[in-house]
Amino acid sequence: MARIIGTLSTSHIPAIGNAIAKKQQNEPYWKPFFEAWPPVREWLAHERPDVIVFFYNDHGLNFFLDKMPTFAIGACAEYVSEDEGWGIPTIPSIKGNPKLSWHIINGVVEDGFDPVMCQEMAVDHAITNPMLLMYPDAHWPAAIVPIAINSIQHPLPGPKRCYGLGRAVGKAIESYPEDLKVLLVGSGGLSHQLDGARAGFINKAFDAECLEAMVSGVEPLLKYSSLDVVEKAGAQGVELMCWIAARAAMQGDVTEVARTYHIPISNTASAVQLLSHTRTAIAKAA
Ligand code: DHB
Ligand code: FE
């Protein structure tokens with residue numbers, strides 16, 4: 001059976017791709033962010049996930065304001081980076097696992113969600129940043145399944161909906177018959193607002209509350225509406241939904257392996273958190 005081995009949650013920012021391309025990892029501005037990654041890579045080298053299921057948000061690449069799905073799931077054999085800029089060198093395409101994608105799609109539809117099913121899907125910095133941070137040589141050892149959560153066009157799905165989606169995805173993964181090790185990624189966040197009157201808004205106290213909830217369980221965050229999250233985390237801080245969905249997929253025992261929090265990168269409170277997951281509690285409950 002497939003097994004969820006953990007969740008890696010990380011901020012994504014186009015400038016991170018640019019810093020990687022220009023080898024600026026040790027410059028004072030970037031060092032505190034890039035220092036988070038060696039322990040994560042050590043853990044990955046030990047755990048060796050076969051598939052990475054990404055909860056992320058598309059930034060206008062596949063979907064725009066004219067047609068915006070609340071949730072979309074990729075079922076492609078291959079995903080090409082079409083990130084938006086900075087003159088970043090192209091990176092190798094990333095393999096998909098369409099069989100697992102369709103299994104997840106079937107599971108979540110059965111559980112009351114209606115994702116757009118994408119047999120063509122380009123990927124942006126929300127996927128390429130974490131992939132390059134995890135695997136700097138860009139020889140991807142794992143396939144991906146991208147699950148996009150609308151964080152642009154209102155009405156936005158809030159914590160409760162995204163928690164429900166995560167539960168359904170987790171259940172589908174855990175019922176997949178192949179022996180795959182699956183890592184979840186929650187891409188985005190934490191608090192940030194890129195434009196408007198509150199540009200640069202960061203909320204350390206709320207970020208700390210979220211990082212703690214990721215360890216002990218995100219259920220206390222379900223009291224917030226999507227608009228509460230906009231208020232507390234900034235207009236783009238709603239990317240936190242990707243973290244909540246990933247955490248909700250893990251219903252076994254969770255242990256925090258690594259955490260860093262650094263302000264700011266661009267206008268963002270950047271955070272990296274790695275949680276490992278074992279099914280002990282699930283087995284006990286069964
Ligand atoms: C920026 C872009 C993002 O998608 C994000 O989540 C944070 C910051 C940026 O352009 O600075
Ligand atoms: Fe973003």
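Rule-based calculations on the coordinates, nothing more; no lab input. Being a predicted model, the structure only gives us computed values, none of them experimental. So basically every Cβ, Gly included, is an ideal-geometry build from the backbone, and we count neighbours across all protein chains shown.
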Legend entry - In segment 18-126, trypsin sites (Lys or Arg not before Pro) in a DSSP loop with at most 14 other beta-carbon atoms within 10 Å: Lys22, Lys23
Legend entry - Peptide ranges 218-230, 68-80 listed from the most packed, as the mean C-beta count within 10 angstrom indicates: 68-80, 218-230
Legend entry - Net charge of Cβ neighbours under 14 Å - reference Gln24; Lys, Arg +1; Asp, Glu -1: +1
Legend entry - Prolate/oblate/rounded call for the chain, Cα gyration tensor, a/c under 1.5 rounded: rounded
Legend entry - Sum of -39500 (n - 2.57) over DSSP H runs of 4+, divided by residues of the chain (222 nm, nearest 500): -10000 deg cm²/dmol
Legend entry - Amide H within-cut-off set for Glu78, under 5 Å, with H built and near neighbours excluded: Gly96
Inset, instruction - Round to a whole angstrom and tell me the spacing of the C-alpha centers of segment 210-286 and segment 107-121. - result: 23 Å
Inset, instruction - Mind sorting Asp111, Asp50 by how few other Cβ atoms lie within 10 Å of their own Cβ, fewest first? - result: Asp111, Asp50
Legend entry - Rounded to whole Hz, the Karplus (6.51, -1.76, 1.60) HN-Hα couplings of segment 256-269, x for glycine and proline: 7, 9, 7, 8, 9, 9, 9, 10, x, 10, 6, 9, 10, 7
Legend entry - Under 5 Å, built H, 5+ apart or other chain: amide partners of His12: Gly188, Gly189
Inset, instruction - Neighbouring Cβ atoms within 10 Å as the yardstick, rank Thr278, Thr128 fewest first. - result: Thr278, Thr128
Legend entry - Taking segment 3-285 and dividing mean pair separation by its residue count, relative contact order in percent (alpha carbons under 8 Å, at least six apart): 30 percent
Inset, instruction - Amide H neighbours of Ile4 under 5 Å, at least 5 residues apart or on other chains, H built in the peptide plane: list them. - result: Val182
Inset, instruction - Pairs to check: Lys171/Lys232; Lys99/Lys171; Lys160/Lys232. Give those whose C-alpha atoms are more than 24 Å from each other in this structure. - result: Lys171/Lys232
Inset, instruction - Provide the percentage of antiparallel DSSP beta bridges, counting only those with both residues in segment 3-285; round to the nearest 5. - result: 50 percent
